[in-house]
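Below: one structure, written as C-alpha cells.
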Ligand code: TXA
Ligand code: MG
C-alpha cells in the first residue's frame, strides 16, 4: 500500500479541505495517522471491527489490548457508554479536551473488536486542533492507539510514524512535533473509587484536587508478579522498549529525593504547564532546589562508572543526562533528555531520544532518573518500563 503524507500548513488555522480526504478514509474503513497533544495516533473508525483489525495488523499488536475511542465533543460520548459516573462527569469538565482517557461501561454500539473483548470502553477528547477537527469531519469516533509498531517507543513526530507505518496505512497527517510527548493519563471511572491505570500529563495531584480519593493500579508502580493482571491490558507488555539494554540509576531513599514542595499545598507546577509547546509556563517552584546535591552527584558518578565499564569492554554506550549535568560526562554518546528543572521538557523529549539511540545502534544505555511527583510519575513509569525495571540504586 502506498502511504500518502500530507502536511498541515498552519495548525492554528486549519482549513477543512486539508482534512476532508483523511476524514473520508476513516469513514470508509481505512487508517490515518494524526497528531494529538500527547503522541501521534493511528486512527480508524471505532465502530467498525474491520478497521480495528487493520489497526492491530498495522501495529503488530495483540488484539486483546483494547483501543481508545477519540471524540471531538461531549455529545459524542453518550452513545458509546451505558452511563457517565459522577467522577467521570467531574473529570470531563475539568480536563477535556485534554490528555485524559477515561474508562466507562460500554454501550452495545461499541464493538468488542475495539475493546479487546472488554465490556468497558476507553474514551478521550484530544486537545489538538488537527485531531479534533479530523474526528469531527469523520463523523465517527476514532479508535487510535499510538502510531508506533508494537514494542517501539511511541511516535512524537510524523517522521517517527513514517519509520514505523510507511506502506502499512493509507495516510499520515504531519502536524509537526507533539506538545506533551507521553501518552494520556488513563483513569477508570467505572469502579467505586476512580483508579489511575496509566500516569500522564493529568497528574495524580491534579486528579486528587478534583476527586479527592484516587487509587493507583499497581501496574504503574513496578513490575507485576505473574498472578496480578493490570487493569489496562496494555500495561502488561514491555512497551517503549529501545533496542539497547537500558539501566536507570536512582537514589536510594525515595523520600530524600522529593522536590521538597508539599504535594497538596505547594506550587503545582503541572497546572502551570503549557503542553502545546512543552514549556513550563509557571516559574513558581524550582524542583532542583529541593534535591539533595549529594545524591545527585552520586547518581551522576554511578552513571559515569557503569558506562565506563561497558566502554572499556568494547561496547557502544549511550548516556541519558540532563541540560544541567551535560558537562559532567565525557565518554559515550551523551544526550540530554531535557532540563531537570522542567519536567515538561523531559517528557517532551523522552521517546524521541530512545529512538535516536536505536538509530545510533548503541548496545547499552545508562540514564539518570527523576523525582516521581507531578509529571515525574509518568516520566519514571515510561523510563522504568523501557528499562524492564532494571534500576541500580545508589
Ligand atoms: O495519549 C494517548 O492516549 C494516545 C493518543 C493517540 O491518544 N493513545 C494511546 O493508545 O496511548 P494506546 O493504544 O497506545 O494505549 C491505550 C491503553 C492501553 O494500555 C490499553 O490497554 C488501555 O489504554 N485501555 C484501552 N481500553 C481500555 C479498557 N476498556 N480498560 C482498560 N484499559 C484500556
Ligand atoms: Mg501505545
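Every number in this text was worked out from the coordinates using simple rules, so none of it is lab data. Keep in mind that what you see is a predicted model, and the values were worked out from it rather than measured. Here the Cβ is made from the backbone with ideal geometry for all residues, glycine too, and neighbour counts use every protein chain on show.
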- Message: Suppose only helical runs count, i.e. DSSP H with n ≥ 4. What mean residue ellipticity at 222 nm does that imply for the chain under -39500 (n - 2.57) per run, divided by all residues and rounded to the nearest 500 deg cm²/dmol?
- Response: -8500 deg cm²/dmol
- Query: Against the longest principal axis of the chain, how steep is helix 129-138, in degrees 0 to 90 to the nearest 10, with axes from Cα atoms?
  - Reply: 30 degrees
- Task: Wrap a convex hull around the Cα atoms of segment 12-70, take a quarter of its surface area, and give that in square nanometres.
- Result: 4.5 nm²
- Query: Where Rh denotes the Kirkwood radius from the mean inverse Cα pair distance, what is Rg over Rh for segment 49-199?
  - Reply: 0.94
- Which order do 321, 112, 328 fall in if you start with the one that has the fewest other Cβ atoms within 10 Å? 112, 328, 321
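Consider all pairwise Cα distances in the chain and report the whole-number % of them above 30 Å.
Counting pairs separated by more than 30 Å, the tail of P(r) holds 38 percent.
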- Message: Between 0 and 90 degrees, rounded to the nearest ten: what's the tilt of helix 16-27 against the longest Cα principal axis of the chain?
- Response: 80 degrees
- Task: Quick one: grab Rg to one decimal and Dmax as a whole number for segment 1-108, Cα atoms only, in Å.
- Result: 15.4, 46
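Can you put 80, 67, 248 in order, fewest other beta carbons within 10 Å first?
Ordered by Cβ neighbours within 10 Å, fewest first: 80, 248, 67.
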- How do 300, 391 rank when sorted from fewest to most other Cβ atoms within 10 Å of their own Cβ? 391, 300
- Task: Give me the orientation-averaged projected area of the Cα convex hull of segment 128-199, in nm², one decimal.
- Result: 6.2 nm²
